[in-house]
1. Would you kindly calculate the translational diffusion coefficient of the chain, applying Stokes-Einstein with the Kirkwood radius from alpha carbon pairs, for 37 °C and a viscosity of 0.692 mPa s, and quote it in µm² s⁻¹ without decimals?
2. Once you have the Cα-Cα distance between N253 and L170, take 0.36 nm times their residue separation minus that, and quote the gain in nm to one decimal.
3. Given points 7 Å out from each Cα along the Cα-Cβ axis, report the S73 to E286 separation in nanometres with one decimal.
4. Run the accessible area of the chain with a 1.4 Å probe and give the carbon-and-sulfur part as a rounded percent.
5. Hey, any idea what the orientation-averaged projected area of the convex hull of segment 1-125's Cα atoms comes to, in nm²?
6. So for the chain: antiparallel DSSP bridges make up what percent, rounded to the nearest 5?
7. So for the chain, averaging the separation of alpha carbon pairs under 8 Å that are six or more residues apart and normalising by length, what relative contact order in percent results?
8. Give the calculated FRET efficiency between A26 and A269 to the nearest 0.05, with a Förster radius of 41 Å applied to their Cβ-Cβ distance.
Amino acid sequence: MTTFTEQEGTFDVGGKSLYTKTFLPAGPIKAKLVFVHGFSDHVGRYTAFFSALAERGIAVYGFDQRGWGRSVSKPSEKGLTGPTTRVIADIAAFVQPHLPASPSSDPPLFVMGHSMGGGEVLTLAADATYQDSVVRHVRGWLLESPFISFSPEEQPSWLKINAGRLAGRLLPRHQLYHELAPANLSRDAAVVQSIGEDTLMHNTGTLEGLAGLLDRTQSLVGGATRPRGDAVRSVWFGHGTSDKATNFASSKNYFDKFLDAVPDKQFKAYDGWYHQLHADGPCSAEFYRDVGDWILAHVDAPTPTPTPTTDAKPPAPAAAPSTDAKL
């Protein structure tokens, strides 16, 4: 028996139509989750994870980011994300229609990001522009293997990093191929094979996009970008200790040192797991359960008391995504 409905649609933002995918529970919605995918990824690869959440009453809303997945309509758009301001504006605009209109009666909203998407979610949570209009209305933030710094296997040289930043300013739309080895992403042989065969995972970035990614990681790893406790109340981190794409130690260090203002936080280390906690073999059912448990535990839990500040500026409201139901 089907216990959820899967929908496809589009979301128009900043002159671009982005592909969306939604998983709606068959019964009452207990909570909502907006999900942000990572580098060379797309929402079509999270079906088992999203389905497991929807079956527990959690509605999941995802989209293929600008430059990735089914949001790419021609080869020249591959990796064409724009600068960080555009990336964060896209995410904020997608989140806004799903915020509770009435916190006392509407289901609470959570925001989650994986890998590069995790770094972007942390960047949004810390961005002063969106504190009043978005951030303080989100009940909780979840990070799966967030890209705070490179793993030792992926760490580029100092020269390559600085050359990339310079080239990004001179030739922002120039495309650059960068493959994350599929065998470094999951311990599941079938998943590894499917990654290699997935043409939507095009491994192509632009110099501007890659420079923005490098700048975000530099700001995160040093703590310059960190959530503020007056708006961000609850945070959950999950990271595999054997991640070969993003750095487990940097993730744990960020959690320990730079989330001191967040009143409610939890870090779970998945011993021996790789980068895709959602697709690391049969054990991923534990990850699905952990995420669902944390979200549902925060639906009715008392909200931690924030320390108020008043320096945020709201953006213009965004239109809701359109969807076409597909069972």
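The values are calculated or read from the model by the stated rules, or taken from the named source; none is laboratory data. Since this is a predicted model, take the numbers as computed values, not measurements. Reconstructed Cβ throughout: ideal geometry from the backbone, glycine too, with neighbour counts over all protein chains shown. Each accessible area value is taken on the protein alone, full model and side chains, heavy atoms only, with ligands, DNA and RNA left out. Shrake-Rupley method; radii C 1.70, N 1.55, O 1.52, S 1.80 Å.
1. Here the translational diffusion coefficient equals 166 µm²/s.
2. 26.5 nm
3. Here the answer is 4.5 nm between the modelled labels.
4. 55 percent
5. The orientation-averaged projected area of the Cα hull of segment 1-125 comes to 7.8 nm².
6. Antiparallel bridges: around 45 percent, rounded to the nearest 5.
7. Worked out over the chain, it gives 23 percent.
8. 0.75
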